[in-house]
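Structure first, commentary second.
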Amino acid sequence: MELDVVLLSRLQFALTVMVHYLFPPLSIGLGAQMVMTEAIYLRTGDRRWESLARFWTRLFAVNFAVGVATGIVMEFEFGTNWATYSRFVGDVFGSALASEGIFAFFLESGFLAVLVFGWDRVGKRMHFFATLMVFLGSVFSSVWIVIANSWMHTPTGFHIVERGGGPRAEIVDFWAMVFNPSSMHRLGHVLLGAFILGAFFTMSICAFYVLRDRHQELARRGFKLGLAFAAVSSLLMLVSGHSQAVALAHNQPAKLAAFEGHFHTGEGATDLYVMGWPDEASETVSFGVAMPGMLSFLVYGDDTPVAGLDQTPPEDRPPVLVPFVTYHVMVGLGMGFIGLTLLGLFLWWRGQLFERRWLLWVFVGAVILPYVANQAGWVATEVGRQPWIVYGLLRTSDAVSRSVPGEQVLGSIALFSFIYLALMALWVFVMNEKIKHGPDEPPAEEAGPKGERGSLLDAASGLAEPSRGLMSEDEP
Amino acid sequence: MSGLQILWFVILGVLLAGYAILDGFDLGVGVLHLFARGDRERRLTINSIGPLWDGNEVWLVTFGGALFAAFPEAYATILSAMYLPVIVLLFSLIGRAISIEFRSKRPSRAWRTYWDVSFSLSSAVVVLVFGVAAGNAIAGIPLDADAEYAGGLLDLFGVYPLTVGAFAVATAAMHGAIFLYLKTEGELQARVRGWMWRSFFVFLALYALTTGLTPVYAPHAFDNFEHWPAAWIVVALNVLAVANIPRAIHHGRPTYAFVSSCCTIAALVFLFGMALFPNLVVSSTDAPSLTVASAASSETTLKLMAYIAAIGAPLVMTYTGIVYWVFRGKVRLTKESY
């Protein structure tokens with residue numbers, strides 16, 4: 001049997017990049033929480049914020065390490081599996097990747113050491129500076145990688161040169177490449193997605209502590225900070241998502257049509273499917289619930305018809321089912337984040353935030369949702385770009401390594417699947433251990449205005465964790 | 001061949017040397033890790049590189065990015081030619097990272113032993129694959145007319161590449177042992193002294209073997225010395241640096257020994273570049289090799305990246321300096337340690 005190298009390579013890339021993308025958004029989002037937590041500690045001098053910051057740092061370190069390990073794979077996979085693509089884009093893509101290494105990774109990994117191991121080695125301000133630099137590094141990293149990826153969706157600032165081995169794209173205008181039509185929209189979207197994830201992550205853990213009556217003082221503070229940040233980010237996400245869809249109608253109409261299950265252009269205003277199940281064979285949407293004229297209104301502000309898939313030649317059309325479903329999942333979850341965080345803010349304002357136990361349980365579990373939304377969004381945008389790897393220039397089917405046999409790709413997929421499953425299981429296990437261990441309470445006399453209260457809390461949390469005293473010997 | 005192309009060949013050499021020197025010692029510590037006895041010693045060896053290994057690995061990431069950007073043809077050919085070895089390398093890098101990260105997270109003895117073995121094995125495999133890759137680069141691999149790899153998996157594991165691979169492992173072990181000597185004290189340090197000596201002699205033997213095999217398997221590796229006889233000075237300095245390692249150890253000056261082993265590795269990377277230039281991927285068939293000129297990106301990109309490197313280099317030096325300064329001195333186990 002002849003193995004389909006293109007399909008296998010796509011599967012492998014999807015597997016490795018989706019597993020990788022479990023970690024970086026948490027690094028960015030949790031990094032933002034750490035910067036804020038530590039900034040509040042610096043301003044107020046309240047040791048409880050320091051305890052919380054130290055706790056987040058421990059979780060961050062585990063997540064960051066796994067993110068780096070899975071990220072190195074991505075960098076070399078372009079060459080191993082997509083050699084033809086690498087030859088085609090290297091001149092343009094490479095400078096973004098090299099900038100990421102020089103400007104982002106060195107900054108991140110250098111100051112990460114100070115962030116994680118330096119609490120008692122450097123001063124408070126220097127430590128805060130290191131936290132800030134690690135956060136900035138992770139943001140820079142997303143900047144360059146999103147620029148490189150956006151160039152694959154909306155290539156600009158290049159020309160095509162014929163060479164011995166085939167054509168390749170060469171850069172003519174660096175800034176046009178950096179500020180290609182989709183890069184800044186997508187960057188904002190990616191960062192907000194990470195901020196929402198980070199905030200839901202901290203809220204989940206804090207809500208759990210509140211429910212279990214552990215670390216109450218710390219957890220309530222952490223939860224409120226996360227909630228406020230998540231609410232702001234979710235609302236901004238609405239603006240970001242809208243601007244992206246409008247730009248998409250202009251830049252990649254076929255992708256927007258796939259997202260919306262919009263097969264036939266038709267006359268007059270285009271409807272917007274709130275939900276449904278597209279059928280590519282019959283070019284219809286089953287079980288569709290549509291808002292009349294809404295898509296035209298959102299994109300153009302009037303009833304101009306939005307281009308359907310029929311405007312794209314059949315061989316250049318993306319698949320519809322996967323982009324449609326993932327896109328709608330993402331949008332639905334985005335609306336859910338707004339609803340959930342606004343409800344939280346309302347109850348906070350009424351002073352009942354920590355009395356609704358059911359809502360806290362919802363927040364404990366809700367951390368899964370931003371993960372799903374982040375993944376779904378990426379699947380939608382990348383599958384929506386097909387059949388192109390570089391939109392309009394290079395087809396995915398022409399981009400694979402010619403010298404790599406299918407058996408080897410199959411073998412590496414098997415290995416990746418095994419290792420990544422083990423890796424994720426370990427990540428969950430170690431994170432869970434750290435969360436069960438919890439933050440170390442600040443020294444009693446400094447914890448609150450009255451020493452008695454702090455020490456009672458300490459005693460309570462000590463009772464809740466009988467193994468804590470023993471663990472601290474071994475536990476770093 | 002333009003000046004910018006040569007500049008990028010040199011920059012890649014510098015990045016590779018930086019990577020080999022810096023990650024070299026933490027990989028070497030990994031290779032030796034299982035010789036440490038008991039949990040405390042093993043925690044000390046891991047934590048001697050604890051805050052540093054991650055930053056050291058960034059040199060590899062940057063080297064990869066720079067190779068992709070400056071010489072995309074070479075990046076594509078090398079990585080797709082060495083498909084499975086590179087995948088194994090990536091697995092080992094993952095395995096290493098998670099071994100360091102997870103090892104001390106549970107008190108269970110079986111848990112820790114498992115990660116100890118995983119850490120040591122993956123470190124050794126990483127260095128071995130790099131050595132095999134370097135050996136193949138020097139000796140040449142079969143290419144077709146489109147500069148695609150024309151060989152099979154087994155063609156990559158000839159005598160010469162495997163010898164260079166073993167040599168790389170020994171070099172890292174020696175380098176790591178000297179670093180560990182600097183970072184430890186007391187009983188552990190006394191034993192590390194033994195590791196230093198033993199790994200040095202293994203290194204010396206494999207160095208001699210590699211040097212002896214090179215004219216047999218890669219006679220073209222010496223061509224450049226005819227054009228630039230001045231390069232023999234680096235060979236002479238290399239010999240002096242190697243000779244200074246046992247001398248410095250003997251006189252109880254480990255810092256000098258470490259500087260000497262850094263210089264040795266830098267000289268080896270230089271010799272590697274001398275053996276390759278002006279090729280990036282030597283062809284062992286009739287098809288032309290990929291050269292600095294034929295594999296390069298456009299002049300615009302090379303120039304652009306030269307600016308990026310010029311802005312980035314001082315920043316990188318600053319961060320690296322800060323981290324090594326903050327974590328100077330003997331390794332101590334604290335609450336935040338691995």
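Is it true that A:Gly157 is more than 8 Å from chain B (Cβ to nearest Cβ) and surrounded by fewer than 20 Cβ atoms within 10 Å (Cβ to Cβ)?
yes
Tell me which residues, restricted to segment A:179-214, are without any contact (Cβ under 8 Å) to a residue 40 or more places away in the chain and of a type in the set (A, V, I, L, M).
The answer is A:Met184, and nothing else.
Take B:Leu89 and tell me if it is within 13 Å of the chain's Cα centre (by Cα), in a helix (DSSP H, G or I), under 30 Å from B:Tyr114 (Cβ atoms) and in contact (Cβ under 8 Å) with a residue 40 or more places away in the chain.
When the stated conditions are applied, B:Leu89 passes them.
Name the residues in segment A:136-195 that are in contact with an Asp or Glu (Cβ under 7 Å, 6 or more places away or on another chain) and either more than 30 Å from B:Glu148 (Cβ to Cβ) or of a type in the set (D, E, K, R) (or both), would you?
Answer for segment A:136-195, where residues must be in contact with an Asp or Glu (Cβ under 7 Å, 6 or more places away or on another chain) and either more than 30 Å from B:Glu148 (Cβ to Cβ) or of a type in the set (D, E, K, R) (or both): A:Gly137, A:Ser138, A:Ser141, A:Arg168, A:Glu170.
Please enumerate the residues belonging to segment B:173-192 that are out of contact with any Leu (no Cβ under 8 Å at 6 or more places or on another chain) and within 22 Å of B:Leu128 (Cα to Cα).
Residues satisfying the conditions are B:Met174, B:His175, B:Ile178, B:Phe179.
If the requirement is being without any contact (Cβ under 8 Å) to a residue 12 or more places away in the chain, more than 20 Å from B:Ala295 (Cβ to Cβ) and part of a helix (DSSP H, G or I), which of these qualifies: B:Val31, B:Val58?
Answer to the selection: B:Val58.
Taking segment B:92-108 as the region of interest, how many residues are more than 8 Å from chain A (Cβ to nearest Cβ) and without any contact (Cβ under 8 Å) to a residue 12 or more places away in the chain?
1
Just to be sure before I move on: is A:Thr84 in a helix (DSSP H, G or I), over 22 Å from the mean Cα position of the chain (by Cα) and under 30 Å from B:Ala70 (Cβ atoms) in the structure I sent?
Against the criterion (in a helix (DSSP H, G or I), over 22 Å from the mean Cα position of the chain (by Cα) and under 30 Å from B:Ala70 (Cβ atoms)), A:Thr84 qualifies.
Conditions: (1) touching a residue at least 40 places away in the same chain (Cβ under 8 Å); (2) among the acidic types (Asp, Glu); (3) closer than 30 Å to B:Val259 by Cβ. B:Asp144 meets all but one. Number of the miss?
(3)
Identify the single condition in (1) closer than 16 Å to A:Met74 by Cβ; (2) modelled with pLDDT of 85 or more; (3) of a type in the set (A, V, I, L, M, F, W, C) that B:Val58 does not satisfy, given that it satisfies every other one.
Every listed condition holds for B:Val58 apart from (2).
Given the criteria without any contact (Cβ under 8 Å) to a residue 60 or more places away in the chain, over 23 Å from B:Pro51 (Cβ atoms), crowded, with 21+ Cβ neighbours inside 10 Å and more than 7 Å from every other protein chain (Cβ to nearest Cβ), does A:Phe93 qualify?
So A:Phe93 fits the description; yes.
Could you list, in sequence order, the residues of segment B:295-338 that are in contact with an Asp or Glu (Cβ under 6 Å, 6 or more places away or on another chain), more than 7 Å from chain A (Cβ to nearest Cβ) and farther than 30 Å from A:Arg58 by Cβ?
B:Ala295
Take A:Glu283 and tell me if it is over 30 Å from A:Ile435 (Cα atoms), in contact (Cβ under 8 Å) with a residue 40 or more places away in the chain and charged (D, E, K, R). Outline the logic, then answer.
Numbers: over 30 Å from A:Ile435 (Cα atoms): yes; in contact (Cβ under 8 Å) with a residue 40 or more places away in the chain: no; charged (D, E, K, R): yes.
Answer is no for this residue.
Do we have any residue at all in segment B:269-286 that's surrounded by fewer than 20 Cβ atoms within 10 Å (Cβ to Cβ), within 12 Å of another protein chain (Cβ to nearest Cβ), in a loop (DSSP other than H, G, I, E, B) and touching a Pro at 6+ places or on another chain (Cβ under 9 Å)?
No - not one qualifying residue is present in segment B:269-286.
Name the single residue that is nearest to A:Leu7 (Cα to Cα) among those in segment A:67-90 being more than 7 Å from chain B (Cβ to nearest Cβ) and aliphatic (A, V, I, L, M).
A:Met74
When residues of segment B:10-69 are filtered for being away from chain A (no Cβ under 13 Å), crowded, with 24+ Cβ neighbours inside 10 Å and among the charged types (D, E, K, R), how many remain?
The qualifying residues number 0.
Could you please let me know if A:Phe354 is part of a helix (DSSP H, G or I) and not acidic (Asp, Glu)?
no
Residue-by-condition table, conditions (1) within 14 Å of chain A (Cβ to nearest Cβ); (2) part of a helix (DSSP H, G or I); (3) not hydroxyl-bearing (Ser, Thr, Tyr):
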residue	(1), (2), (3)
B:Ala133	yes, yes, yes
B:Asp146	yes, no, yes
B:Gly152	yes, no, yes
B:Phe201	no, yes, yes
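Need pairs with beta-carbon distance below 6 Å; first residue under 19 Å from A:Gln252 (Cβ atoms) and more than 13 Å from chain B (Cβ to nearest Cβ) and within segment A:389-416, second of a type in the set (Val, Ile, Thr) and surrounded by 21 or more Cβ atoms within 10 Å (Cβ to Cβ); sequence gap 6+ or separate chains.
Pairs found: A:Thr396/A:Ile389.
Determine if segment A:297-319 includes at least one residue that is within 26 Å of A:Pro370 (Cβ to Cβ), under 26 Å from the mean Cα position of the chain (by Cα), modelled with pLDDT of 85 or more and part of a loop (DSSP other than H, G, I, E, B).
Scanning segment A:297-319 turns up at least one residue that is within 26 Å of A:Pro370 (Cβ to Cβ), under 26 Å from the mean Cα position of the chain (by Cα), modelled with pLDDT of 85 or more and part of a loop (DSSP other than H, G, I, E, B).
A:Leu236: within 30 Å of A:Leu295 (Cβ to Cβ), in contact with a Leu (Cβ under 8 Å, 6 or more places away or on another chain) and at pLDDT 90 or above, yes or no?
yes
The values are calculated or read from the model by the stated rules, or taken from the named source; none is laboratory data. All figures in this text were calculated on a predicted structure; none of them were measured in a lab. Note that each Cβ is placed from the backbone with ideal geometry, even for glycine, and that neighbours are counted across all protein chains shown.
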